[in-house]
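Participant: Got a structure for you, questions after.
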Amino acid sequence: MKGTSMDGLVVGIDLCDAYTQVNCSDDEKTWTIPTVICRNKNADEWYVGREAYAHTLQGDGIIVDKLVKLALKDGTATLCDIRYTARQLLKLFLEHVLKLPAKEYGDRPILRLVIAVPKLEAGLIRLLKECGRQLGFQDHQVHLISHPESFTYYMLSQKKDLWNGVVGMFDLSAERLRYYEMKVQRGMKKTLVLTEYEELEEGFNLDILSTPSGCRLADMILSSCAERMMQKKSYSSVFLTGKGFERQEWAEEFMKKISGSRRIYFEEALFSKGAAYKAMDFLEEKTRYPYTCICEGRLKSTISMNVLHKGQETSVVLAAAGDQWYEREAVLDVIPDRQKTVDFVVTPLDTRQKKLVSIPLEGFPERPDRTTRVHIQVRFLDERTMDVHVKDQGFGDLFPSSGVQLRQEVML
């Protein structure tokens, strides 16, 4: 992976409340920074990560942690008698984090920034997009992806024999225990890559790994999870990531469970590397990932409308399965012919579950057939919810617009 060019850099960030990891340039260079920020009590100076902890211990700094969670709650923190919003603090934190690759590679501009987060939510997307704008990025330069999507890009960037079957992954961090699974299904037209995950309730505090009895308990917990999640499946490879797996000698029984004929790999910065691979792909003329990827953050159904165009019935695709929901928006003008609804065809991966969704044109004025132009705008609130806006455009000077507008949320 080459994350630099003559013109600038590409950067992948894995942003979590405990740790933030940054990748740029090549696989070997990773920055790992605790997600904390500190203000000097005696000067307008800011520190992040371990430097923030050091100044706090020295007594000349005031620290704030859990920056993402605090910002999502619109929280505040008072440092040196000045009240800061959590959003300001998160922006300052990211500003300092982005100086790391800039210093390493000669202050070249960042062309693309991809931020991976554990769960992609509308509020978090808006928050990080706003941070990007405040840091001088244009919207098209900053992209958000989920951990499952980042895992997908990481795997698809490896040798094919590692992912030509089922790939399993355990993520053990201070915040969560998750199991991920990626499957590749080759079809006649396109290859489908399906990535899912399960939040495992058995997650534990990593502090228990500091004692022999705690290690035995953790090993037993993970062994039980592996037995439940991985039974009777044929794996191309199994990956481990997260701070809990930085050393693995405590997990002797778990390692036995997941090994056998399977290839086991530990990757410390898997999500930030996956984000960096995705960032690099934005600069390619032709994508290196010609697959339909289905995972959190991407649509699982195709949305279309059947229309008559130049006398021929045709299907217009408004959004396709595999599109990133928060970046997808479609606009279409139609002229209904003897119908009082606008109809959408929702086609999931299992085409047998295809359904028709009709939105009545309630409140629209009565007019002769084919004398009403309807403006339709489709966007998505998340991967399962379509937001439809419908507006009466009238029909030229003959029938001016009534101004009637409808909005409906559709569960996919």
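Participant: Please build a GNM for the chain, connecting alpha carbons under 10 Å apart, and tell me which residue among F364, F399, F151 fluctuates the most.
Facilitator: Maximum among the listed residues: F399.
Participant: May I ask you to evaluate 6.51 cos²θ - 1.76 cosθ + 1.60, the Karplus curve with θ = phi - 60°, for each residue of the range 374-385 and list the ³J(HN,Hα) values in order in whole Hz, giving x for glycine and proline?
Facilitator: Going residue by residue, I get 10, 8, 10, 10, 10, 9, 10, 8, 6, 6, 10, 10 Hz, with x marking Gly and Pro.
Participant: Further question on the same structure: What angle do you read, to the nearest 10 degrees and between 0 and 90, between the alpha-carbon axis of helix 49-58 and the longest principal axis of the chain?
Facilitator: In the chain, helix 49-58 runs at an angle near 50 degrees to the longest axis.
Participant: Could you run the Karplus curve 6.51 cos²θ - 1.76 cosθ + 1.60 with θ = phi - 60° over the range 336-352 and give me ³J(HN,Hα) per residue in whole Hz, x for Gly and Pro?
Facilitator: Listing the rounded values in order: x, 10, 6, 9, 10, 9, 10, 10, 10, 9, 9, 10, x, 4, 7, 4, 5 Hz.
Participant: Once a ≥ b ≥ c are taken as the square roots of the eigenvalues of the Cα gyration tensor of the range 107-207, is the result rounded (a/c under 1.5), prolate (a/b larger than b/c) or oblate (a/b not larger than b/c)? List each step's numbers first, then the result.
Facilitator: On the way: a/c = 2.17, a/b = 1.26, b/c = 1.71.
Oblate shape, in that a/c is at least 1.5 and b/c is the bigger or equal ratio.
Participant: Provide the per residue accessible area, probe 1.4 Å, for the range 300-412, rounded to a whole number of square angstrom. Kindly include the intermediate steps, with their values, before the conclusion.
Facilitator: On the way: 6700 Å² over 113 residues.
Roughly 59 Å² per residue, with all protein chains present.
Participant: Taking the simple approach of a point 7 Å from Cα along Cα-to-Cβ for both T56 and S213, what is their distance in nm?
Facilitator: Taking the simple label geometry, T56 and S213 are separated by 3.0 nm.
Participant: For the chain, set up a GNM with springs between Cα atoms under 10 Å and report which of S261, S272, S146 has the largest fluctuation.
Facilitator: S261
Participant: Quick one: order E181, E329, E95 from most to least accessible surface, probe 1.4 Å.
Facilitator: Solvent-accessible surface, decreasing: E329, E95, E181.
Participant: Taking amide H positions as placed in the peptide plane 1.01 Å from N, state which residues far from L349 in sequence (5 or more) or on other chains have amide H under 5 Å from it.
Facilitator: none
Participant: Please give the helix 270-281 orientation as an angle from the longest Cα principal axis of the chain, in degrees from 0 to 90, rounded to the nearest 10.
Facilitator: The angle comes out near 50 degrees.
Participant: Now for a separate question. Lys and Arg at +1, Asp and Glu at -1: add these up for the other residues within a Cβ distance under 10 Å of L120 and post the number.
Facilitator: Every neighbour counted, the sum reads -3.
Participant: I need two numbers for the range 312-378: Rg to one decimal and Dmax as a whole number, Cα atoms only, in Å.
Facilitator: In order Rg, Dmax, the Cα atoms of the range 312-378 give 14.0, 40 Å.
Participant: Give me the net charge of R367's neighbourhood, meaning all other residues with Cβ under 11 Å from the Cβ of R367; Lys, Arg count +1, Asp, Glu -1.
Facilitator: After counting each charged neighbour, the total is -1.
Participant: With the cut-off at 1.5 for a/c, could you classify the range 265-394 from its C-alpha gyration tensor as rounded, prolate or oblate?
Facilitator: Here the range 265-394 falls in the prolate category.
Participant: A further question on this structure: Go ahead and estimate [θ] at 222 nm for the chain from helices alone: -39,500 (n - 2.57) per DSSP H run with n ≥ 4, summed, over the residue count, rounded to 500.
Facilitator: -7000 deg cm²/dmol
Participant: Please report the base-10 log of the normalised intensity I(q)/I(0) for the chain, using a Debye sum with one equal scatterer per alpha carbon and no solvent, at each q in 0.06, 0.11 (1/Å).
Facilitator: Those come out to -0.32, -0.94, one per q.
Participant: Principal axis extents for the range 46-158, Cα atoms only, whole Å, descending order, please.
Facilitator: 47, 34, 26
Participant: Right, here's the next one. Starting from 0 in steps of 5 Å, tell me what percent of the Cα-Cα pairs of the range 1-91 lands in each bin.
Facilitator: Computed distribution, short to long bins: 3, 13, 20, 19, 17, 12, 9, 5, 1, 0.
Participant: Continuing with this model, one more query. Under 5 Å between amide H atoms, partner at least 5 residues away or on a different chain: which partners does L79 have, H built in plane at 1.01 Å?
Facilitator: Sorted by chain and number, the residues that satisfy this are Y84.
Participant: Compare C295, C80, C131 in a GNM of the chain, Cα atoms joined below 10 Å, and give the one with the largest fluctuation.
Facilitator: Fluctuation is largest for C80.
Participant: So, one more: How much net charge surrounds S301 when only other residues with a Cβ under 11 Å from its Cβ are counted (Lys, Arg +1; Asp, Glu -1)? Let's see the in-between values first.
Facilitator: Details: positive: R298, K300, K354, K355, R384; negative: D323, D350, E383.
Once positives and negatives cancel, what remains is +2.
Participant: Now for a different question. How large is ³J(HN,Hα), in whole Hz, for each residue of the range 287-292 in order, when computed from phi with the Karplus curve 6.51 cos²θ - 1.76 cosθ + 1.60 and θ = phi - 60°, using x for Gly and Pro?
Facilitator: 4, 8, 10, x, 10, 8
The values are calculated or read from the model by the stated rules, or taken from the named source; none is laboratory data. Since the structure is predicted, the reported quantities are computational estimates derived from the model, not experimental observations. Backbone-built Cβ (ideal geometry, glycine too); neighbour counts: all protein chains shown. Only protein heavy atoms, including side chains, enter the accessible area calculation; ligands, DNA and RNA are left aside. Shrake-Rupley method; radii C 1.70, N 1.55, O 1.52, S 1.80 Å.
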